[in-house]
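The structure appears right after this line, and notes come after that.
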Amino acid sequence: MELRESIRITLRECLNEQQNIINENWYHGTPDAREIEKEGGFTHKTMKVDYVKDPEGLKKLQHDIQIAYKNDRNLYFELLKKVDDFKEYFTYKKPLFLSDKYSVAKTYADPKRAFDYQNAIEKVYEVDVTCNKVVKIVAKGDRFRFISIDKVKQGFINSGVSEEEIDRLISMFNYYISDNKGIKTDVIAAIGNWLKFDCIDVVGVLDSYHGGTIKSTVRMVLDPTNVKLKRT
């Protein structure tokens with residue numbers, strides 16, 4: 001009986017896994033589908049974020065600037081000139097955002113968001129996506145646009161990144177954020193690109209175009225050309 005029950009449980013788990021794969025649906029909402037239709041799919045655009053290449057060095061410089069401000073104005077202005085030496089820019093492919101819920105994607109298909117909103121054609125696409133190297137960030141209760149640093153950090157660690165490495169990258173990319181408890185999604189995408197991941201899944205997050213209202217999984221595809229339209 002124990003063997004038979006064990007086999008039954010194993011078969012059920014295999015079936016569930018197969019169903020999860022078969023039933024995996026991803027949606028992308030756009031306020032204007034004309035470019036996508038013209039190109040026959042998604043193309044990549046680039047974006048960039050700034051980061052601090054040596055956070056500890058910049059902290060020391062800022063400390064020296066504070067002391068010089070009180071004691072030596074000439075030195076103060078000389079040190080100020082060095083601040084920009086610490087700033088770099090990282091250019092990467094602009095991620096494509098997908099949702100596992102049609103209702104969430106639909107909120108982003110608002111023609112009022114489009115530049116040419118009077119002629120825009122809003123649409124929600126169901127898509128296939130290829131992701132071989134994925135970060136899974138469990139962010140239940142967080143709003144998608146600003147996620148807990150601890151949850152982001154744990155997601156990267158669980159995906160094989162060392163704690164030392166992810167701490168270093170968060171410090172580099174999130175240096176100028178005044179609230180050090182959260183991290184913006186474009187910064188998460190930059191870190192994922194830096195580490196050469198394909199996709200970042202943010203699980204259980206609250207998301208919609210008008211704010212965090214619907215719990216879902218958002219998939220950030222770091223190379224949009226890996227997303228293919230499902231033709232119906």
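Can you tell me the orientation of helix 149-158 relative to the chain, as the angle in degrees between its alpha-carbon axis and the longest Cα principal axis, to the nearest 10?
Rounded to the nearest ten degrees, it is 60.
How many nm separate the modelled label positions at N71 and K215, each set 7 Å beyond the Cα in the direction of the Cβ?
Label at N71, label at K215, 5.6 nm between them.
Sequence neighbours fewer than 8 away in the same chain don't count; with that in mind, list the lysines whose C-alpha is under 21 Å from K70.
The reachable lysines, counting only those whose Cα sits under 21 Å from K70, are K59, K60, K81, K82.
At 7 Å along the Cα-to-beta-carbon direction for both N25 and E37, put a label point, then send me their distance in nm to one decimal.
The modelled label-to-label distance comes out at 2.3 nm.
Go ahead and estimate [θ] at 222 nm for the chain from helices alone: -39,500 (n - 2.57) per DSSP H run with n ≥ 4, summed, over the residue count, rounded to 500.
-12000 deg cm²/dmol
Let me know the number of lysine pairs in the range 93-156 closer than 15 Å at the Cα, not counting same-chain pairs under 8 apart.
Final tally of qualifying lysine pairs is 7.
Using a Gaussian network for the chain with springs between C-alpha atoms less than 10 Å apart, which of these wobbles most: K45, K101, K81?
K81
Helix 163-173 versus the longest principal axis of the chain: what is the Cα-based angle in degrees, 0 to 90, to the nearest 10?
The angle comes out near 70 degrees.
Suppose the chain between D150 and Y102 were pulled fully straight at 0.36 nm per residue; how much longer would it get relative to their current alpha carbon spacing?
14.4 nm
Sticking with the crude label model, points 7 Å out along Cα→Cβ, report the distance from K81 to K133 in nm, one decimal please.
My value for the distance between the label points is 4.1 nm.
Mind pulling the angle between the C-alpha long axis of helix 185-194 and the longest principal axis of the chain? Nearest 10 degrees, somewhere in 0 to 90.
90 degrees
Local charge sum around V134 (other residues, Cβ-Cβ under 13 Å, Lys/Arg +1, Asp/Glu -1)?
Working: positive: K133, K136, K196, R219; negative: E24, D198, D201, D223.
Result for the neighbourhood of V134: 0.
In a Gaussian network model over the chain where Cα atoms closer than 10 Å are linked, find which of I36, I177, I67 has the largest mean-square fluctuation.
I67
Which net charge results for the neighbourhood of D64, defined as the other residues with beta-carbon distances under 11 angstrom from its beta-carbon, given Lys and Arg at +1 and Asp and Glu at -1?
Summing Lys and Arg as +1 and Asp and Glu as -1 gives +1.
Nothing charged except the Cβ atoms of Lys and Arg (+1) and of Asp and Glu (-1): what's the magnitude of the dipole of the range 49-88 about its Cα centre? Round to the nearest 20 debye.
So the magnitude is around 180 debye.
We did not get these values from a lab; they are worked out from the coordinates using the rules stated. In this text the structure is predicted, and so the values were computed from the model without any measurement. No Cβ is skipped: glycine too gets one built from the backbone with ideal geometry, and neighbour counts run over all protein chains shown.
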